[in-house]
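Every number here is computed from the coordinates shown, using simple stated rules; none is lab data. None of these values were measured; they are calculated from a predicted model. Neighbour counts run over all protein chains shown; Cβ positions are idealised from the backbone, glycine included.
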Amino acid sequence: MSKKIPCVECGDAPVNHTLIKASVIISHEMRPFNKGMDKIMGSITNNVTEKLTPLFVWFMTLIHFGKMRKTYTEEGEHKDGGRTIVLWKEAIRRGIDMEELWLGNHPTELFIAKFNGEMRAFDSLPRPKGRNSESLAWMDDKEVMDQKFEEAGIPVAKGGDGIARTFSEALKIFKSVTPPVITKPNVGSRSRHTTIHINDEAALKRGFDTAKQLSPWVIIEEELEGFVFRGTVIGGEVAGIVRREPASVYGDGTHTVRELVDIENALPVRQGPIFHKIPTDKSAEDELTRQKKTWEYVPQKNEIVTLGDKASRGVGGGIVDVTDEAHPDNIELLRSVGRVLKDMIVGVDFIMKDITVSWKDQPRSGVIECNSAPFIDLHYFVLKGKPRNVAGNIWDIIFPKSHKD
């Protein structure tokens, strides 16, 4: 049997297209009902969740369908995702007793953590006690998020509140904004099936069809200029900011692009499993052509030359910590997102050219996505810069007495 080729458009986080599309349709059809339920669910606290989760775990272990395991094991390290690994390693360092429910040989990301007689049960990441944030019901919906952020003065891409189901609708939106534009599924894409650098109708059609593989509704919005940054806000404060780079090289004024790629690809950190070599295929050549450059071009010192359009580590992308370089206005922008969401743990994806310059002076910059269960491992595994102990920031608000310098 031939090995299934992963979806290039999904990048590092492949999903079942049929299931995702079906869930989007069901969620859309349930919207009228969900609006009424949001008020009810908003009153449910994490305390209730913590009471129900242990009962579920107990039942699963009672019928021998599930088993609680200490997550700090070689088997767990190989099967759990990076977000889980950094969370439980920090828990071990602090003396927090943490277990995960496994169904057979598969981890579930359903945890029970104990410290000094206190217990917290959670899915993916622990959340503070008390009432759930109402934004959990809408932050994954880009149409709603853009509207609320615009009202709060938070910059977002123009056109994002225009969603198309047919290509004629997409074309109408395209003609109402200033190219280049991007296309993406309307819900929770994590950059999956997102197409950038769209300047004409033919490219729009390709991008529209790509996004439709995950959702019947496609967002068409102006392409913001610069890199994708991830800012993680914990307890209202910025715990870390990384720049997510597509496959790229930094010029030194001496070597050609091809030579710089060879040098970069020879680095031990590029041999996997986290970071991978920069491809030199047709997509890389197309990106060079778009920039009017060739393999023999010699970039100036610190000039960045991109060789792809996706920030996925699996296709040569990189991650650079830029927390200490961020302009105060950009730090405050992230804090304001946290205040609007009224959530204690949130990952904010935004685009701008230069993190050292205020977003107010970068017209085509703005927030593109938010996530209530951010992949905090991005702040640990960086190609350049200082790793950030974001898991420590999270445990500080969950079990404050566990704090360690």
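Could you give the length gained by full extension between LYS67 and ASN105, i.e. 0.36 nm per residue of separation minus their alpha carbon distance, to one decimal place?
Numbers: separation 38, 0.36 × 38 = 13.68 nm, distance 0.94 nm.
Here the answer is 12.7 nm.
Test of the criteria: in region 258-312, which GluC sites (Glu not before Pro) are in a DSSP loop and have at most 10 other Cβ atoms within 10 angstrom of their Cβ?
On the way: sites: GLU259, GLU264, GLU285, GLU287, GLU296, GLU303; in loops: GLU296, GLU303.
Sparse-neighbourhood loop GluC sites (Glu not before Pro): GLU296.
If you filter region 179-258 for GluC sites (Glu not before Pro), then keep DSSP loop positions with at most 15 other Cβ within 10 Å, what is left?
GLU225
Just in region 157-237: which trypsin sites (Lys or Arg not before Pro) are loop by DSSP and have at most 15 other Cβ atoms within 10 Å?
Details: sites: LYS158, ARG165, LYS172, LYS175, ARG190, ARG192, LYS205, ARG206, LYS212, ARG230; in loops: LYS158, ARG165, ARG190, ARG192.
The qualifying sites are ARG165.
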